[in-house]
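The values are calculated or read from the model by the stated rules, or taken from the named source; none is laboratory data. None of these values were measured; they are calculated from a predicted model. Here the Cβ is made from the backbone with ideal geometry for all residues, glycine too, and neighbour counts use every protein chain on show. The accessibility values were calculated without ligands, DNA or RNA, using every heavy atom of the protein model including side chains. Shrake-Rupley method; radii C 1.70, N 1.55, O 1.52, S 1.80 Å.
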Amino acid sequence: MATKKPADLALEKDDVGTKFVTLVVIMMTALATLAMGGALVVHSLRASWVGEVSGHMTIEIPVTAADGTVRETESLGIIAEQMRDALSKDIDIDSVRLMSRSDVEKLVQPWLGDVAGTADLPLPALIAVRLKHPNDAQAIGEIAQTVKRVDPVATSETHQAWLADLKRFSLVLLMAALLMAAATIACSILSVTGAVKARLAAHHADIDLLHVMGATDNYIGGQFVRLVVKNVGRAALIGTVAGMIALKTGGLVAGELQAAMLPAFRWDFTALLWFAVCPALVTGLSLLAARFTVLRTLAVMP
Amino acid sequence: MITFEHVGLRYNIGPEVLTDITFTLEQGAFHFLSGPSGAGKTSLMKLLYLSQLPTRGSVQMFGQDVTIATRAQRMMIRQRIGVVFQEFRLLPHLSAFDNVALPLRIMGRKPHDIKNACREILEWVGLADHMHARPEILSGGQQQRVAIARAVIGKPRLLLADEPTGSLDDATGYRIMSLFEQLNRMGTTIVIATHNQQMMDHFNHPRLMLDKGNLAVQPPTPKAALKAAH
């Protein structure tokens, strides 16, 4: 005696169609996983950039004084030390670091070339300040006043404009990655919908027979939904694992090539949660799309 | 139980294939549906098993007007109708048992009840030994009996059969007709569409005669007239 209830419709018989859709879903889910991984890398990169710059201030004491005279390196050094002492007393400042001439030379190197050892070259004095409250505009204003009090031509820079550009750029990258993930998921769902439509046409006579026996649209739709959950769920899982393996491999290669440029991909709980969302999303949306397609088609049958 | 009043049917914008059909089938009635090819038998059968809805007139089935019934209500009406198709329409990937079990599964019956009912009905049609056989290895007569078992397992109030003996030898055909008569004695209303004059004379039930989309109801032929004819 049969112990397992067979499906009324032989939907799984369509081997070629099943293999094709399975392959498409695997590929698309793997791509979506990679895109999601890319989004996570961009997100982490953004956090690391913002973390490095945010909360910092740079004070520049220019070589040229207010009256247009060029100040000596020595006198600049004295002003810089006065500036450091004045800023150190500010309760809103966490730390103050007077940058050495060699640090400044490194900073101008991309524009002026190697200037090390050219003691005659007038270079501004720079002071790196770490703020206690990066978003406290009042504190930043007070620091700027202190800077002007010590040296009227000195400027303070919170890097907000650069930070804003950086945030915008990383947001665009993040959106692009998420859009790519969404597009691949949508492709996957469209292929499932197409396969469901093809099967509805191929099994029209059998579906009509079930209707004649009194089967409701939900009963028939359930057969398609079970098939989609089983096949798409499995394919999406395989695709996600494949995508994760590709990401891991790519991460290792990229790490070896240029470890300093990109932050290492962190396989933490959040990342794994995002990757788990991918197959669940593909399966869930495919299920809904399949159900909607079936019910809409059956509704026009007598 | 079933009343057709001034029913017309046309497909799309074509001519009416059924014109002003009016008849009543009482509970426990047994009718043959006959007529020349193209007279509209299949269309009338489709109206009876709700595969088509009339383009005009009213169809009352089991106390409900099917023309205004909701989709869900029509599905419930269909569960009270058993249909035997001329070409059997068994699902080839399912065994005889699973084909027969379909209507009960659709009705949501428990697996244990389905198992018992299927065994019983397959024994009744003489196919207890072929329960697990797929249609492809069954003979035409056996397939027809599976189709009949599937049509009657849900204890339908109305059984419709389209040329149920058309592809069978006489002996099997008469055996199947006897099964229908047994069912009819148990209260099932039966309509059999057939061309087989000999069969209609032998079992001698009222006839719904269709010709060019029009229907006439003929009472059973008197026995004396039948003897004279043969």
Quiz prompt | One residue from A:Leu87, A:Leu107, A:Leu98, A:Leu126 being modelled with pLDDT under 80 and in contact with a strand residue (DSSP E or B) (Cβ under 9 Å, 6 or more places away or on another chain) | solution = A:Leu107
Quiz item: Can you spot a residue in the stretch B:171-180 that is in contact with a strand residue (DSSP E or B) (Cβ under 9 Å, 6 or more places away or on another chain), closer than 28 Å to B:Asn204 by Cβ, free of Cβ contacts under 8 Å to residues at least 60 places away in the same chain and not acidic (Asp, Glu)?
Solution: yes
Self-check item: Of all residues in the stretch A:63-91 being assigned to a loop (DSSP other than H, G, I, E, B) and open to solvent by less than 30 Å² (accessible area, probe 1.4 Å), the one that is nearest to A:Leu131 (Cα to Cα)
Solution: A:Asp90
Practice problem: Filter the stretch B:108-122 down to residues that are more than 10 Å from chain A (Cβ to nearest Cβ), assigned to a helix (DSSP H, G or I) and closer than 20 Å to A:Asn218 by Cβ, then give me how many there are. | Solution: 0
Quiz item: Quick one: would you say A:Val253 is assigned to a helix (DSSP H, G or I), under 25 Å from the mean Cα position of the chain (by Cα) and either at pLDDT below 85 or not assigned by TED's automatic domain parsing to the domain that holds A:Leu40 (or both)?
Solution: yes
Quiz item: Is it the case that the stretch B:40-55 has a residue that's of a type in the set (D, E, K, R), open to solvent by 30 Å² or more (accessible area, probe 1.4 Å) and farther than 25 Å from B:Gly140 by Cα?
Solution: no
Practice problem: Looking at (1) of a type outside the set (Asp, Glu); (2) open to solvent by 10 Å² or more (accessible area, probe 1.4 Å); (3) within 12 Å of chain A (Cβ to nearest Cβ); (4) not in a helix (DSSP H, G or I), find the lone condition where B:Arg105 falls short. | Solution: (4)
Exercise. Would you mind stating whether A:Asp206 is in a helix (DSSP H, G or I), open to solvent by 30 Å² or more (accessible area, probe 1.4 Å), under 29 Å from B:Met76 (Cα atoms) and among the charged types (D, E, K, R)?
Key: yes
Practice problem: For the stretch B:51-70, name all the residues that are more than 7 Å from chain A (Cβ to nearest Cβ) and either in a loop (DSSP other than H, G, I, E, B) or at pLDDT below 90 (or both). | Solution: B:Pro54, B:Thr55, B:Phe62, B:Gly63, B:Val66, B:Thr67, B:Ile68, B:Ala69, B:Thr70
Self-check item: Filtered residue count, the stretch A:37-53, keeping only those that are buried (at least 17 other Cβ atoms within 10 Å of the Cβ) and either touching a Gly at 6+ places or on another chain (Cβ under 8 Å) or closer than 21 Å to A:Ile143 by Cα (or both)
Solution: 1
Quiz item: Yes or no: A:Ala116 open to solvent by less than 70 Å² (accessible area, probe 1.4 Å), on the phi < 0 side of the Ramachandran plot, of a type in the set (Gly, Ala, Ser) and at pLDDT 85 or above?
Solution: no
Quiz item: Within the stretch A:158-178, how many residues turn out to be of a type outside the set (Ser, Thr, Tyr), assigned to a helix (DSSP H, G or I), surrounded by 12 or more Cβ atoms within 10 Å (Cβ to Cβ) and out of contact with any Phe, Trp or Tyr (no Cβ under 6 Å at 6 or more places or on another chain)?
Solution: 12
Practice problem: Give me a count of the residues in the stretch A:139-157 that are open to solvent by 70 Å² or more (accessible area, probe 1.4 Å) and at pLDDT below 85. | Solution: 1
Quiz item: Counting just the residues of the stretch B:80-96 that are farther than 19 Å from B:Met45 by Cβ and open to solvent by 10 Å² or more (accessible area, probe 1.4 Å), which one comes out nearest to the other protein chains (Cβ to nearest Cβ)?
Solution: B:His93
Quiz prompt | Yes/no for B:Gly14 being of a type outside the set (Ser, Thr, Tyr), open to solvent by less than 50 Å² (accessible area, probe 1.4 Å) and under 16 Å from the mean Cα position of the chain (by Cα) | solution = no
Quiz item: Taking A:Phe292, is it surrounded by fewer than 21 Cβ atoms within 10 Å (Cβ to Cβ), at pLDDT below 90 and out of contact with any strand residue (DSSP E or B) (no Cβ under 6 Å at 6 or more places or on another chain)?
Solution: no
Self-check item: Residue list for the stretch A:263-302, filter: within 14 Å of chain B (Cβ to nearest Cβ) and free of Cβ contacts under 8 Å to residues at least 24 places away in the same chain
Solution: A:Arg296, A:Val300
Exercise. Any residue in the stretch B:6-35 that's without any contact (Cβ under 8 Å) to a residue 40 or more places away in the chain and closer than 17 Å to A:Pro302 by Cβ: show its pairings with residues that are of a type in the set (A, V, I, L, M, F, W, C) and buried (at least 17 other Cβ atoms within 10 Å of the Cβ) at Cβ separation under 8 Å, as long as the two are six or more apart or on different chains.
Key: B:Tyr11/B:Val17
Quiz item: Quick one: B:Lys155 ticks every box in (1) assigned to a helix (DSSP H, G or I); (2) of a type outside the set (S, T, N, Q); (3) within 14 Å of chain A (Cβ to nearest Cβ) bar one, so which box is it?
Solution: (1)
